[in-house]
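Below: the structure, in structure tokens.
The values are calculated or read from the model by the stated rules, or taken from the named source; none is laboratory data. These figures come from a predicted structure and were not determined experimentally. Cβ atoms come from the backbone with ideal geometry, glycine included; neighbour counts cover every protein chain shown. We work out accessible area using only protein heavy atoms, side chains counted, and drop any ligands, DNA or RNA first. Shrake-Rupley method; radii C 1.70, N 1.55, O 1.52, S 1.80 Å.
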Amino acid sequence: MNVKVALVAGYSLLFSTVLVSAQEKSKPYSPDKAVAPKTTNVLPFPDFRFKGSVGRTIGESDPPEFPQPARPPKGAPNIVFILIDDAGYGQFGTFGGQVSTPALDRVAADGLRYTRFHTTALCSPTRAALLTGRNHHSTGNGVITEAATGYDGYTGIIGKNVGTIAEVLRQYGYATAWFGKNHNTPDWETSQVGPFDRWPSGLGFDYFYGFMGGDMDQWQPTLYENHQLVPRSKDPKYILTTDLVDKAASWLRRTRSIAAEKPYFLYMSTGATHAPHQVSPEFITKFKGQFDKGWDAYREETFARQKKLGVVPQNAVLTKRPAELPAWDSLSADQKKLFARMMEVFAAFTAQTDYEMGRLLDVVRSLPDADNTLIFYEVGDNGASAEGGLVGLLNENSFFNNVPESLEENLKHIDEIGGPKHFNHFPAGWAWAMNCPFQWTKQIASHLGGVRNPLAVSWPARIKDKGGVRSQFHHVIDIAPTIYEAVGIEFPEVLNGVAQKPIEGVSMVYSFDKADAPGRRRTQYFEMFINRGLYHDGWWAASRVNVPWVGDAAAANPDAAKWELYNLDEDFTQAKDLATANPQKLRELQDMWWSEASKYSVLPLDGRKTERLNGELQGRPSLGGHRNSFTYYPGVVALPAGSAPNVLNKSFAITADLELKAAETNGAVFSLGGSDGGYGLYVRKGKPVFAGNFLGRTITRVTSEAALPMGTVKLRGEFKYDGGGLGKGGTMTLLVNGKKVGEGRIEQTQGITMGLGGTLDIGEDTGSAVDEAYTPPFRFEGSIEKVVVDLQPQ
């Protein structure tokens, strides 16, 4: 017994001695003592290995060390990147637009305005280029993801060999978050079953709150928080951009509270000012009557403001209105009335968006390390959009389906524009005006109206020329290398085991200190739908083959297309075509364009637009594969159209096995699409309804005279397509337990796409309502065993 006591005492003494020794030698982790790793050409950094001597006991070993959290070099800034959607050079007041934009004003006043910054002329391509520092075709994003065709430059997939800013910064210890629009996940991978390696979480972002796809309803969006669907807001005044800023502010404060020393990268990618132009009514009233003079007068007044602000040279010439667009004075009184109202709504949309960005930046500036925060505020991923056509649109989906709208019909809804009922878009004349002083608009990569976008950059700790203007030629691929240089790191040659394509952009940091520093971007190609441009040493060659509001134009022959030539060093706006005067220079740039196109996977050229939106016609991957029968169970909601059965241009049937326990049961059984077009099977006051919504213009309802019986019920909606091409009509039939209870005709259907934001839901309607007769989510009050969709291809 005494021996045991002695042994215990001896061991206690030994362990206490060793413990004290270890405690004296060890160095507990403290955030402010974390050692920044050296930059590396391989990420991730190698696993930690203890380098000291290890003996039989810790008393005989060197002091312990823990692997330290990764940190960027000392002084690395926080990064905030704000990206506005579908906005032009002459839209925001900071660059001469009529709408006051104080948030952008302040960034510019605290830092610099870049007057020759460029994008790709379209959404997904610009965003892929921004995130990776490579040209859009190099990333596989030569066009929007919904129009991918499968060639190297057009897969719609950001490859593993073009790693993102966020992934690199994350591995250097940054907190990373993305808010708003994600138009960089392949259309067939946006459902809740993933795969998620090309969602924001797979592109380097620790946190995501936003939507998937090209555009989104501002009043009733389908949103995700990371990979989880966000419940629909019950606030009648809900508006998307406000929500995005609220979530971003919460993330910022939470991050700084928990890890005050951890730098952050916040990417705010609004859905504004892309269609639908939906905005809180109190902003609209501020602009009543302000655009009655029209788009020609707007451009003249804006051009004068731009010269006064110094964002356009004094010797610049205002470009002429394209022959394809009407003069404002040539319009009828009804046209002027409708078009002015559409512009008032768009101006309000612009103002509210900038207001919300100001709220976000107020939070950024309230944090202790605000001075060491590098802020980019980019106005547009392309120029303002002319996809609204010559008379504007109540439903943007009309453009994607090549279906025109009429002035007379749209006038009936003039007071509803901007509200939740319509997916509206202003006419092309206003888009051209927003891109003052340049020619053309979004999609037209050959001309500056499609690709020159305002950029303001501030960094109080580093940029001292507050309010300065920079005129060096730069492109969106230059953002990534600018961030890497600002942080003090190199982009790795190998990232997550994959050899990387070199960065194709050049850093803009050299321009921060010297307004007259020689520009470092000598050459840049442009291409979108065979609209081509080539910049080289101050010269620009341009070839336009189509107009942006025609989605089904005949295929263009690039070899027969006309080319123009401009000397941008002397002609800021592309106002004087020198092709005839200097054919040798034009030939030089044409040959250079083809060389760049071959180098960066631009080929083969493809001028098709809306036709490419039909994934089935293009052969894109689909979760449905080649199946013609799909079984869905309760809980399937917000399934994106790209992952749902393609019911366009074919016969189909929807069969639901239900159980009713109340006589006046209500609720959606099946919905596909939204207020901009789709199909629904629902029950209202016990009576079943099969609804077909054609672009929000007409809703065909086939309704039973009798209520559904109690107990188990087989409810079926059948659509018999007429055939004979795309977008034809058909017969709708409603059946209950095998018996026909109703029939009707829908004379025209959507032939190209259900829409960029439509979803499939079982037991509710999560987005905008397929049928305005009910209010979402309109959850089904009975029980659903399953819903089967059967396709009958032509």
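For this structure, a couple of remarks:
- D329, sole failed condition from (1) open to solvent by less than 70 Å² (accessible area, probe 1.4 Å); (2) assigned to a helix (DSSP H, G or I): (1)
- Per the conditions (1) over 23 Å from V451 (Cα atoms); (2) hydrophobic (A, V, I, L, M, F, W, C); (3) assigned to a helix (DSSP H, G or I), the sole criterion not satisfied by F349 is (1).
- Number of the condition not met by P621 [criteria: (1) modelled with pLDDT of 95 or more; (2) open to solvent by 40 Å² or more (accessible area, probe 1.4 Å)]: (1)
- Residue in the stretch 303-310 that is surrounded by 18 or more Cβ atoms within 10 Å (Cβ to Cβ), in contact (Cβ under 8 Å) with a residue 40 or more places away in the chain, closer than 23 Å to L407 by Cβ and touching a helix residue (DSSP H, G or I) at 6+ places or on another chain (Cβ under 7 Å) present: no
- Close contacts from the stretch 621-636, counting a first residue that is part of a loop (DSSP other than H, G, I, E, B) and a second that is of a type in the set (G, A, S) and modelled with pLDDT of 95 or more, with Cβ to Cβ under 6 Å and a gap of 6+ residues or different chains, come to P634/G763.
- Residue check, M754 modelled with pLDDT under 95, open to solvent by less than 60 Å² (accessible area, probe 1.4 Å) and under 19 Å from D790 (Cα atoms): yes
- Number of the condition not met by A656 [criteria: (1) surrounded by fewer than 20 Cβ atoms within 10 Å (Cβ to Cβ); (2) under 19 Å from A773 (Cβ atoms)]: (1)
- Residue count, the stretch 470-505 (criterion: touching a strand residue (DSSP E or B) at 6+ places or on another chain (Cβ under 8 Å), surrounded by fewer than 19 Cβ atoms within 10 Å (Cβ to Cβ) and among the hydrophobic types (A, V, I, L, M, F, W, C)): 1
- Filtering Y224, Y238, Y264 for residues that are touching a Phe, Trp or Tyr at 6+ places or on another chain (Cβ under 8 Å), at pLDDT 95 or above, among the aromatic types (F, W, Y) and open to solvent by 10 Å² or more (accessible area, probe 1.4 Å) leaves a single hit, Y238.
- On the stretch given as the stretch 597-607, residues that are buried (at least 19 other Cβ atoms within 10 Å of the Cβ) and charged (D, E, K, R) total 1.
- Residues of the stretch 446-464 that are hydrophobic (A, V, I, L, M, F, W, C) and open to solvent by less than 10 Å² (accessible area, probe 1.4 Å): L448, V451, L455, A456, V457, I463.
- Given (1) hydroxyl-bearing (S, T, Y); (2) farther than 30 Å from G310 by Cβ; (3) under 19 Å from the mean Cα position of the chain (by Cα), number of the condition Y172 does not satisfy: (3)
- The stretch 223-240: number of residues that are touching a strand residue (DSSP E or B) at 6+ places or on another chain (Cβ under 6 Å) and over 23 Å from Y355 (Cα atoms): 2
- Taking the conditions (1) within 23 Å of N141 (Cβ to Cβ); (2) not in a loop (DSSP other than H, G, I, E, B) in turn, A541 satisfies each one other than (1).
- Test: residue in the stretch 639-652 that is open to solvent by 50 Å² or more (accessible area, probe 1.4 Å), assigned to a loop (DSSP other than H, G, I, E, B), under 24 Å from Q220 (Cβ atoms) and not polar (S, T, N, Q): no
- Hits in the stretch 228-263 - residues which are under 21 Å from the mean Cα position of the chain (by Cα), outside any helix (DSSP H, G or I) and either over 28 Å from F778 (Cα atoms) or in contact (Cβ under 8 Å) with a residue 60 or more places away in the chain (or both): L229, R232, I239
- Per-region count, the stretch 286-295, residues in a helix (DSSP H, G or I) and without any contact (Cβ under 8 Å) to a residue 40 or more places away in the chain: 0
- Filtered by the rule that a residue be among the β-branched types (V, I, T) and either more than 15 Å from L83 (Cβ to Cβ) or open to solvent by 10 Å² or more (accessible area, probe 1.4 Å) (or both), the stretch 123-175 gives T139, V143, I144, T145, T149, T155, I157, I158, V162, V168.
- In the set (1) under 14 Å from the mean Cα position of the chain (by Cα); (2) of a type outside the set (S, T, N, Q); (3) in a loop (DSSP other than H, G, I, E, B), A129 fails one condition alone, (3).
- When residues in the stretch 537-567 are screened for being open to solvent by less than 30 Å² (accessible area, probe 1.4 Å), within 30 Å of the chain's Cα centre (by Cα) and among the aliphatic types (A, V, I, L, M), 3 of them pass.
- Here the stretch 38-63 is the region considered, the condition is being open to solvent by less than 60 Å² (accessible area, probe 1.4 Å) and either among the aromatic types (F, W, Y) or in contact (Cβ under 8 Å) with a residue 40 or more places away in the chain (or both), and the residue that is nearest to T353 (Cα to Cα) is L43.
- Residue in the stretch 599-616 that is free of Cβ contacts under 8 Å to residues at least 24 places away in the same chain and part of a loop (DSSP other than H, G, I, E, B) present: no
- Matching option when the condition is under 21 Å from E785 (Cβ atoms) and either in contact with a helix residue (DSSP H, G or I) (Cβ under 9 Å, 6 or more places away or on another chain) or at pLDDT below 95 (or both), among A668, A641, A662: A662
- Of the residues in the stretch 346-358, at least one is within 20 Å of the chain's Cα centre (by Cα), open to solvent by 40 Å² or more (accessible area, probe 1.4 Å) and not hydrophobic (A, V, I, L, M, F, W, C).
- Just one residue in the set G418, G467 is at positive phi, open to solvent by 10 Å² or more (accessible area, probe 1.4 Å) and touching a helix residue (DSSP H, G or I) at 6+ places or on another chain (Cβ under 7 Å); that residue is G467.
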